[in-house]
Amino acid sequence: MRVHAIRLAEEADHDRLLAIYNAARRAAGCFHAPVATAEQFAKLIEGEEILVCEHEGRIAGFVGGWKSDRFIHHLYVLPELQRRGIGSALLNACQARLGSRVSLKCDASNLAAQAFYRRRGWVESGSGPGDFGPWIRLTLAQRGTNCDAPAGRTPE
Ligand SMILES: CC(C)(COP(=O)(O)OP(=O)(O)OC[C@H]1O[C@@H](n2cnc3c(N)ncnc32)[C@H](O)[C@@H]1OP(=O)(O)O)[C@@H](O)C(=O)NCCC(=O)NCCS
């Protein structure tokens, strides 16, 4: 089993996180406005708790979310390091910190990410039109829980 080093992000990591964010969105090919500037990115992650996963001494991916809403807002892995379990390790670590009833929104056009979440036991629990195309809400399937995501938050 592969072991990934996961830690909380620091401000000094932000340039690397932006590079991963832009590379992963560009490679996915399904995002509206895939590239963000440093200023835009700083606004996007404002108030989020961010965890990073290191691979061979460098950050390979990150996950960010709002603890108060139990909502995952960002999950990105460097394209060349995808399909090695890094996304799963980040998601597990984030779920452990956010607690039960965790949810997220995913662009309806992002079929690869949906395959990833479904493989990990997430199920569709809502949908909406969105400013940049439809999104679906995904919730980690758990017996006896009610997983409502905050209405105003959209996927990035
Ligand atoms: C989605 C993402 C975070 C997954 O990260 P990852 O490190 O590649 O995921 P893992 O290696 O842990 O994948 C676990 C399983 O999920 C499924 N999966 C992952 N990526 C997949 C893809 N592109 N297509 C189909 N299934 C996929 C597979 O079953 C995989 O297991 P396998 O490789 O043994 O077949 C990554 O692909 C990414 O950064 N995508 C671009 C950004 C994005 O869409 N983020 C989510 C926004 S809601």
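Each reported figure results from applying straightforward, stated rules to the coordinates on display, with no laboratory input. Just so it is clear, the model here is predicted, and its values are computed rather than measured. Using ideal geometry, Cβ is built from the backbone for each residue, glycine included, and neighbour counts are taken over all protein chains shown.
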Note to self: Helix-only mean residue ellipticity at 222 nm, the chain, DSSP H runs n ≥ 4 weighted -39,500 (n - 2.57), per residue, nearest 500. What is it?
What the structure shows: -8500 deg cm²/dmol
Margin query: Assuming 0.36 nm per residue, please report the length gained on full extension of the stretch His32 to Arg119 beyond their Cα-Cα distance.
Written below: 28.8 nm
Note to self: Among Ser109, Ile6, Ala60, whose Cα projects farthest towards the positive end of the dipole of the range 5-140, with charges put on the beta-carbon of Lys, Arg (+1) and Asp, Glu (-1)?
What the structure shows: Ser109
Notebook entry, point to check: Given H placed on each backbone N at 1.01 Å, which residues far from Ala141 in sequence or on other chains put an amide H within less than 5 Å of it?
Noted result: Trp122, Val123
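What percent does the relative contact order of the range 28-77 come to when contacts are Cα pairs within less than 8 Å and at least six residues apart? The partial results should precede the final answer.
On the way: 51 pairs, mean separation 11.8, N = 50.
Answer for the range 28-77 is 24 percent.
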Next item on the list: Enumerate the calculated ³J(HN,Hα) couplings along the range 121-129 in order (Karplus 6.51 cos²θ - 1.76 cosθ + 1.60, θ = phi - 60°), each rounded to whole Hz, writing x wherever the residue is Gly or Pro.
Entry: x, 7, 10, 5, 10, x, 7, x, x
Margin query: If I take every Cα pair under 8 Å that is 6 or more residues apart in the chain, average their sequence separation and divide by the length, what percent do I get for the relative contact order?
Written below: 20
Note to self: Rounded to the nearest 20 debye, what is the charge dipole size of the range 29-149 about its Cα centre when +1 sits on each Lys and Arg Cβ and -1 on each Asp and Glu Cβ?
What the structure shows: 540
Margin query: Can you compute the FRET efficiency between Glu39 and Glu80 using 1/(1 + (r/R0)^6), with r the Cβ-Cβ distance and R0 = 30 Å? Round to the nearest 0.05.
Written below: 0.65
Note to self: Quick check on the exposure proxy: order Asp107, Asp15 from fewest to most C-beta atoms within 10 angstrom.
What the structure shows: Asp15, Asp107
Check: Points 7 angstrom from Cα along the Cβ direction at Leu111 and Asp69: gap in nanometres?
Finding: 2.9
Notebook entry, point to check: How much of the DSSP beta bridge set in the range 1-119 is antiparallel, as a percent to the nearest 5?
Noted result: 90
